[in-house]
Amino acid sequence: MGGKLTPEEEKKKYDIFAAMSPKRQQMILRKGYENWDPFQPPKEPFDKIEKTILHWEQIFNLSQQFLKENNLTHSSPSFIQGAIEICKGILEKDERYQGMFEFCLWYNERKEKGF
């Protein structure tokens with residue numbers, strides 16, 4: 001917390017503590033009531049959580065678009081999972097998936113030429 005609490009904050013801290021279950025209170029007492037900070041901000045900011053949700057929505061939407069445009073919506077779960085995974089990997093610029101993608105392009109070009 002970084003400093004002394006005002007009397008109002010101290011009362012609020014006690015009220016929060018008193019409203020907890022006995023088991024949770026014991027956990028706090030073991031670590032030390034004076035060290036406990038009920039006012040600390042969340043570990044992961046909400047904007048980061050929101051970006052993560054938007055990122056997953058983009059991955060889902062893009063992979064669904066791929067499956068629909070190529071008439072693959074009734075493919076096996078493994079096929080669909082693979083499409084989602086490579087979509088995620090490419091969007092996140094994961095070198096493993098980038099390598100898979102480049103290999104697929106190279107292989108398809110060779111296959112079209114008849115090896």
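Which aspartates and glutamates, if any, have their Cα less than 13 Å from the Cα of Lys12, not counting same-chain residues under 8 positions apart?
Within the straight-line limit of under 13 Å, Lys12 reaches these aspartates and glutamates: Asp37.
Checking the table Lys68/Lys93; Lys23/Lys43; Lys93/Lys113; Lys43/Lys93; Lys48/Lys111 against a 32 Å threshold on Cα-Cα, which pairs fail?
Over 32 Å apart, Cα to Cα: Lys48/Lys111.
Rounded, prolate or oblate for the range 46-112? Axes are the square roots of the Cα gyration tensor eigenvalues, ordered a ≥ b ≥ c, and the cut-off for rounded is a/c under 1.5.
oblate
Taking the beta-carbon count within 10 Å as an exposure proxy, list Cys104, Cys87 from fewest neighbours to most.
Lowest count first: Cys104, Cys87.
Go ahead and set up a Gaussian network model of the chain, Cα springs under 10 Å, then flag whichever of Asn61, Asn35, Asn70 fluctuates most.
Fluctuation is largest for Asn35.
Where does helix 7-18 land angle-wise versus the long Cα axis of the chain, in degrees 0 to 90, nearest 10?
70
The range 1-96: which GluC sites (Glu not before Pro) are DSSP loop and have at most 13 other beta-carbon atoms within 10 angstrom?
Those that pass, being in a loop and sparsely packed, are Glu92.
Note down, for the chain, the three equivalent ellipsoid semi-axes (square root of 5 times each alpha carbon gyration tensor eigenvalue), biggest first, whole angstrom.
54, 16, 13
For n ≥ 4 DSSP H runs only, could you compute -39500 (n - 2.57) per run for the chain, divide by its residues and tell me the 222 nm figure to the nearest 500?
-22500 deg cm²/dmol
Please order Met27, Met100 by the number of other Cβ within 10 Å, starting at the fewest.
Met27, Met100
Averaged over all directions, how much area does the convex hull of the C-alpha atoms of the range 1-40 cover when projected, in nm²?
Over all viewing directions, the range 1-40 projects a mean Cα-hull area of 2.7 nm².
Read the figures in this text as sums done on the coordinates, not as results from a lab. Values in this document were obtained by computation on a predicted structure and should not be read as measured data. Cβ: placed from backbone, ideal geometry, glycine included. Neighbour counts: every protein chain shown.
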